[in-house]
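Okay, structure first, notes after.
The values are calculated or read from the model by the stated rules, or taken from the named source; none is laboratory data. The structure presented is a predicted model; accordingly, all values stated were derived computationally and were not measured. Cβ placement follows ideal geometry from the backbone for every residue including glycine, while neighbour counts extend to all protein chains displayed. Remember, those area values only see protein heavy atoms, side chains included, never the ligands or the DNA or RNA. Shrake-Rupley method; radii C 1.70, N 1.55, O 1.52, S 1.80 Å.
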Protein chains: 2
Amino acid sequence: VNGRELPIDALHTFGLAAYARAGMHDDDARVVVEVQLEADLRGVDTHGFQRLPWYVDRLVAGENNPTPRLNVVKESSASVVLDGDAGLGQLVCTRLMERLVDKARAAGVAAGATRRSSDWGCGASYPLRAAEQGFVAFGTTTSVPTIAPFGARTRMTGNNPMVYAVPRRDGPPLVLDMALTPVALGKVMRAAAEGEAIPLEWGFRDHDGNPTTDPRAALGGIVPAIGGYKGTGLSLMMNVLAGILPGGFHSAAVAGAAGAGRRGQFFLLVDPDSLGDRDRFLADVETMVDQVRGAEPLAGESVHLPGEIEEVRAQEARRRGTLRYPASVVAELEELGRRLGVALG
Amino acid sequence: VNGRELPIDALHTFGLAAYARAGMHDDDARVVVEVQLEADLRGVDTHGFQRLPWYVDRLVAGENNPTPRLNVVKESSASVVLDGDAGLGQLVCTRLMERLVDKARAAGVAAGATRRSSDWGCGASYPLRAAEQGFVAFGTTTSVPTIAPFGARTRMTGNNPMVYAVPRRDGPPLVLDMALTPVALGKVMRAAAEGEAIPLEWGFRDHDGNPTTDPRAALGGIVPAIGGYKGTGLSLMMNVLAGILPGGFHSAAVAGAAGAGRRGQFFLLVDPDSLGDRDRFLADVETMVDQVRGAEPLAGESVHLPGEIEEVRAQEARRRGTLRYPASVVAELEELGRRLGVALG
């Protein structure tokens with residue numbers, strides 16, 4: 001088959017070495033590598049090691065800061081804002097979440113945000129960390145402008161993913177991780193590269209607003225959002241939470257260097273004890289889970305909890321101890337290794 | 001034309017009298033009437049006076065409590081949970097929001113929820129009140145189960161609307177008020193009543209999961225959510241926030257008496273000063289607004305801010321001093337008036 005299984009341990013070591021060569025401290029590199037490996041473990045491979053060369057390039061080009069001084073710019077008992085100093089988003093978001101969990105433990109409800117951060121990579125990771133520690137968590141991020149206001153063609157805000165995570169009594173949290181576009185732009189890019197048409201149902205329109213199956217016209221045209229004005233409206237609202245509230249770059253200004261050092265994130269944590277009783281909460285979540293599991297599937301379909309497919313995939317990969325990458329990704333990682341003088345496994 | 005303009009003042013008086021006859025205190029009735037009139041002013045007429053007879057019926061039938069004792073069941077400096085004692089949702093949500101604004105003013109961030117509440121009517125109203133007082137606000141509610149888990153046919157959670165409101169320096173807040181279904185079920189019901197087919201693009205499927213244009217098959221079948229698994233996932237997450245967190249009815253248990261006394265709501269308020277600086281925040285919101293206004297419209301389309309169409313409609317109606325209702329609604333209101341011994345205007 002066209003690809004290769006690589007040991008997770010070797011990937012971890014390789015990632016640490018690559019970021020060290022790019023100037024990062026070991027503690028910081030470890031955080032970034034673990035969030036990136038979590039993407040691959042969960043099968044969100046567009047945000048995993050496939051992007052390692054891209055991140056290293058940003059660091060080397062000086063668009064991202066390898067040794068950012070993360071600065072608390074505003075803080076209260078229930079809130080904290082972290083300036084990311086153009087560090088990698090995985091680092092900035094993880095450090096913010098560590099602070100936010102402490103706030104939420106004390107205050108019951110806590111909101112936090114980042115500014116001058118970057119691509120957060122595997123967005124599920126941060127609310128997931130909070131939910132593993134018992135909090136209901138929400139997170140969102142700004143991203144490079146691809147979505148126009150409803151009825152317009154001017155790109156203005158990102159597909160700004162929204163993530164929700166809910167703790168469970170036993171077992172991994174429920175996680176919903178969703179961008180605001182019905183179909184990932186990566187799929188359209190792949191179709192363009194392969195010269196294939198895209199389905200009309202994907203909802204892309206050309207520059208003039210006409211429905212199109214031509215992936216190049218789609219990439220230069222109107223990117224749809226889920227639910228039409230609803231998705232474009234959510235894109236604006238997430239832009240307010242993750243861009244404007246923390247005083248960071250927002251709206252069209254997130255563009256440039258693929259948003260490196262120009263993105264922001266927003267997180268909310270709620271302790272179930274602050275609005276009720278934790279034991280009762282966890283029992284009710286199980287009742288909901290049982291109802292999902294008991295729902296009658298449509299013919300040929302199966303029913304999953306939010307995040308369940310990703311969680312099962314991660315458990316299987318951990319059991320195997322390896323992750324599979326396409327040959328093209330392996331080649332790029334080997335090329336990066338040669339360039340940096342680091343061996344891949 | 002088939003309809004009638006009624007003076008807003010007369011509607012207000014009529015509503016107060018109708019709820020008084022149904023046993024409500026004047027203060028409480030005033031709150032409910034004003035939220036219902038706001039729905040009509042904003043053009044969300046499905047949640048306006050059209051429903052007055054329905055609410056009165058619920059009160060008379062004892063499914064809703066005309067004199068609820070709203071009880072704070074849990075409270076901290078940044079959170080509050082209100083038991084609605086089966087009162088009307090407009091009353092319960094308004095009273096919660098009054099408390100929550102005080103909390104957010106002191107704590108910077110505040111979360112609140114209701115349980116044993118009811119249909120919230122015009123959901124935009126509550127975050128809008130908070131935004132008028134300077135807070136970024138989010139709200140959601142449980143509702144009667146219409147949506148099945150993705151891939152299943154068993155209805156389990158509601159189309160649980162999400163509302164975001166953002167304060168502006170001058171002028172009315174931005175408001176995004178959206179249910180999780182791409183097309184309101186009311187439109188399918190109307191098509192069924194008129195014996196008309198519905199467009200395939202609406203995404204409804206029959207009981208077996210096959211796409212359908214038959215409105216009756218659609219109403220008995222699979223109700224779509226925006227973005228497929230995204231919308232159904234949001235429905236579950238809103239169920240956690242508004243149903244499970246406050247310890248209320250949740251998931252399939254929201255059904256029964258159309259959810260009267262069985263719904264819950266969740267609200268979050270963030271003071272822009274808690275994560276940054278209010279003046280800078282308000283300036284940045286204007287920059288975003290300017291970008292929306294400056295976006296190049298597609299041919300034949302126009303571009304609006306979230307909530308702008310509704311706000312303009314409300315301003316026009318206030319200027320006129322009247323609201324227009326279809327003949328059928330006027331007839332039902334007159335019938336209610338005869339029944340209660342109250343004159344309509």
Reported set for segment B:69-125 where residues are buried (at least 23 other Cβ atoms within 10 Å of the Cβ), of a type in the set (A, V, I, L, M, F, W, C) and more than 16 Å from the chain's Cα centre (by Cα) is B:A78, B:V80, B:V81, B:L82, B:L100, B:A104, B:A107, B:V109, B:A110, B:A111
Note: among A:Q291, A:Q265, just one is touching a Cys at 6+ places or on another chain (Cβ under 7 Å) and either open to solvent by less than 10 Å² (accessible area, probe 1.4 Å) or of a type outside the set (F, W, Y) (or both), namely A:Q265
Would you please list the contacts, defined by Cβ atoms under 6 Å and residues six or more apart or on different chains, that run from a residue in segment A:259-281 that is at the interface with chain B (Cβ under 7 Å from one of its Cβ atoms) to a residue that is of a type in the set (D, E, K, R)? A:P272/A:R278
I'm told B:L200 meets every condition in (1) in contact with a strand residue (DSSP E or B) (Cβ under 8 Å, 6 or more places away or on another chain); (2) surrounded by 16 or more Cβ atoms within 10 Å (Cβ to Cβ); (3) farther than 30 Å from A:V72 by Cβ except one. Can you identify the failing condition by its number? (2)
Among the candidates A:V342, A:V292, which residue alone is at pLDDT 95 or above and either away from chain B (no Cβ under 12 Å) or closer than 23 Å to B:F150 by Cα (or both)? A:V292
Considering each of A:A253, A:A225 in turn, give the residue that is facing chain B (nearest Cβ under 9 Å), small (G, A, S), under 30 Å from B:T287 (Cα atoms) and outside any helix (DSSP H, G or I). A:A225
Can you tell me which of A:H47, A:H25 is out of contact with any strand residue (DSSP E or B) (no Cβ under 7 Å at 6 or more places or on another chain) and at pLDDT below 95? A:H47
Qualifying residue in segment B:268-280 (condition: assigned to a loop (DSSP other than H, G, I, E, B), open to solvent by 50 Å² or more (accessible area, probe 1.4 Å) and over 22 Å from B:D177 (Cβ atoms)): yes
Using the structure shown, decide if A:A217 is without any contact (Cβ under 8 Å) to a residue 24 or more places away in the chain, within 15 Å of A:T141 (Cα to Cα) and surrounded by fewer than 24 Cβ atoms within 10 Å (Cβ to Cβ). no
Only one of B:V183, B:V188 is hydrophobic (A, V, I, L, M, F, W, C), open to solvent by 10 Å² or more (accessible area, probe 1.4 Å) and farther than 28 Å from B:G87 by Cα; which? B:V183
Test: residue in segment B:141-148 that is closer than 22 Å to B:A29 by Cα and in contact (Cβ under 8 Å) with a residue 60 or more places away in the chain: yes
Is it fair to say A:E332 is out of contact with any strand residue (DSSP E or B) (no Cβ under 6 Å at 6 or more places or on another chain), within 7 Å of chain B (Cβ to nearest Cβ) and either assigned to a loop (DSSP other than H, G, I, E, B) or among the acidic types (D, E) (or both)? no
Tally of residues being in contact with a helix residue (DSSP H, G or I) (Cβ under 8 Å, 6 or more places away or on another chain), β-branched (V, I, T) and without any contact (Cβ under 8 Å) to a residue 40 or more places away in the chain across segment B:289-328: 2
Within segment B:288-323, can you find the residues that are within 28 Å of A:A253 (Cβ to Cβ) and aliphatic (A, V, I, L, M)? B:M288, B:V289, B:V292, B:A295, B:L298, B:A299, B:V303, B:L305, B:I309
Within segment B:313-337, which residues are open to solvent by 60 Å² or more (accessible area, probe 1.4 Å), over 24 Å from the mean Cα position of the chain (by Cα) and closer than 16 Å to B:F49 by Cα? B:E334, B:E335
Among (1) surrounded by fewer than 22 Cβ atoms within 10 Å (Cβ to Cβ); (2) within 8 Å of chain A (Cβ to nearest Cβ); (3) farther than 29 Å from A:V292 by Cβ, the one test that B:A193 misses: (2)
Quick check on B:L245: is it open to solvent by 10 Å² or more (accessible area, probe 1.4 Å), at the interface with chain A (Cβ under 9 Å from one of its Cβ atoms) and in contact with a Pro (Cβ under 8 Å, 6 or more places away or on another chain)? no
